[in-house]
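One structure is given here, and the rest of the page talks about it.
Here, each number is a calculation from the coordinates, and none is a lab measurement. The structure presented is a predicted model; accordingly, all values stated were derived computationally and were not measured. Quick reminder, even Gly has a Cβ in these numbers, built from the backbone with ideal geometry, and neighbours come from all protein chains shown.
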Amino acid sequence: MTQQSQLQQKANELLLNKTVNVIIGYGESTTGQVDLTLITDPAETNLLVWNNQCTQNLTVYLNRKEILQYGKAAIVAKGCDAKSLVVLEIEKQIERESLYVIGMECYGVKSGTRTNADVLAAKCESCDVNKPLNCDVVIEADAAENAGVKGDITKRYERLGKLMSMSIEERLEFWRGEFERCIKCYACRQSCPMCYCSVCVVDKNRPVRIDTSATLKGNFAWNILRAFHLAGRCVGCSACTAACPAGIDLDLLNLSLAKAAEENFNHKTGIDRNANPLIGTFSPNDQEEFIR
């Protein structure tokens, strides 16, 4: 039985037994692309799909009022998505016991018609959670579906190494070229489960803290501010990069901060449900060599 069939079967069982009221999963849109689908009728669980087009991190929808109105939900989660649930639980944004997590063993997704397909491929190649953690059930891949690349965590920072080998001036020019393409659509924010503020700093106009128009200065301020807000919180799902219509390599910003968190504080995001948040946690044993 394929993973998709097992998923459909499990979803049907959960709805029939009234374990949950809604399944948050993937389905085919009218355009043939894979996107969010909500299933409340057991007879419609055959609409759920699972394939390498399931790139979106569905945990971003959990606190939307349109979802909360259903009551207890089950959510389909890849390994990187399941990390998001750990961070959201630590930050008191979800109650884990009110959620049923269907983990899907995953060996890589691809972006389809979306931008930055190479970035998503690199993310999957270095994945350390092909089999999701902290789930209520994990549906494993069969031999045919397990044909993807098992994650090699040693490759995680390969792309970052090329950037960091540049001089400061060269790096500035690289990011200038990236951020010049930003149109301030905020698709990165909307696709990120960690961007859950009720009012974002860029939407505040008394006072205006960041230039609201797509100027280079405002684009730098927005993208760097967001990256710092994700320090120790980004799970590396690449949802922001996949959503960016300008094809900006946002993963490189997040990777640089993840590397700093790992090297200086031995912090790996989204693994341990009992871990303390990196930002706001002090230890006398914290390293200080990186402070300048």
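Relative to the longest principal Cα axis of the chain, at what angle does helix 3-16 sit, 0 to 90 degrees, rounded to 10? Relative to the chain, helix 3-16 is tipped by roughly 70 degrees.
Inter-label distance, Glu66 to Asn276: 4.0 nm, where each label sits 7 Å from its Cα along the C-beta direction.
Note the full-extension length gain between Cys185 and Ala214 as 0.36 nm times their separation in residues minus their Cα-Cα distance, in nm to one decimal.
Working: separation 29, 0.36 × 29 = 10.44 nm, distance 0.90 nm.
Extending this stretch completely gives an extra 9.5 nm.
Judged by the gyration tensor of its Cα atoms, with axes a ≥ b ≥ c, region 22-110 is oblate; a/c meets the 1.5 cut and b/c is at least as large as a/b. Going from the fewest other Cβ atoms within 10 Å to the most, the residues Ile183, Ile168, Ile271 appear in the order Ile168, Ile183, Ile271.
Cβ-Cβ distance of Glu97 and Asp128, R₀ of 30 Å, FRET efficiency by 1/(1 + (r/R0)^6): the value works out to about 0.70. In the chain, the longest principal axis of the Cα atoms and the axis of helix 79-90 are about 80 degrees apart.
Expressed in nm to one decimal, what extension gain is obtained for the pair Ser167 and Glu262 from 0.36 nm per residue of sequence separation less their Cα-Cα distance? Mind dumping the intermediate values first?
Numbers: separation 95, 0.36 × 95 = 34.20 nm, distance 2.30 nm.
Full-extension gain reported as 31.9 nm.
Summarising the label geometry, the points placed 7 Å from Cα in the beta-carbon direction at Leu225 and Glu158 lie 3.6 nm from one another.
The residues Thr37, Thr281, when put in order of fewest to most other Cβ atoms within 10 Å, stand as Thr281, Thr37.
Using a 4.7 Å Cβ-Cβ cutoff, the cysteines of the chain lacking any partner cysteine are Cys54, Cys106, Cys124, Cys127, Cys135, Cys182, Cys185, Cys197, Cys200, Cys234, Cys244. In this structure, the pairs whose alpha-carbon distance is over 29 Å, taken from Lys83/Lys110; Lys110/Lys131; Lys65/Lys155; Lys83/Lys162, are Lys65/Lys155. Distance between the pseudo-spin-label points of Glu140 and Arg176 (7 Å out from Cα toward the beta carbon): 5.4 nm.
Per the Kirkwood definition applied to all pairs of different Cα atoms, how many angstroms is the hydrodynamic radius of region 159-265?
Kirkwood hydrodynamic radius for region 159-265: 14.5 Å.
If you average the sequence gap of Cα pairs under 8 Å that are 6 or more apart and divide by the length of the chain, what percent do you get for the contact order? Numbers along the way, then the final one.
Values: 470 pairs, mean separation 51.9, N = 292.
Reported relative contact order: 18 percent.
Per residue, the convex hull spanned by the Cα atoms of the chain measures out at 150 cubic angstrom. Exposure proxy ranking for Arg181, Arg206, based on other Cβ atoms within 10 angstrom of each Cβ and starting from the fewest, stands as Arg206, Arg181.
The Asn52 and Glu13 beta-carbon pair, evaluated with R₀ = 30 Å, returns a calculated FRET efficiency of approximately 0.75.
Among all stretches of the chain without exposed GluC sites (Glu not before Pro) (DSSP loop, at most 10 other Cβ atoms within 10 Å), which one is longest?
On the way: sites that count: Glu95, Glu288, Glu289.
Looking at the chain, 96-287 is the longest stretch - no exposed GluC sites (Glu not before Pro) with at most 10 other Cβ atoms within 10 Å.
For region 159-265, the relative contact order comes to 32 percent (Cα pairs under 8 Å, sequence separation of at least 6). Note that region 66-75 has calculated 3J(HN,Hα) couplings of 5, 8, 4, 5, 7, x, 5, 10, 10, 10 Hz, one per residue in order, obtained from phi through the Karplus relation 6.51 cos²θ - 1.76 cosθ + 1.60 (θ = phi - 60°); glycine and proline are x.
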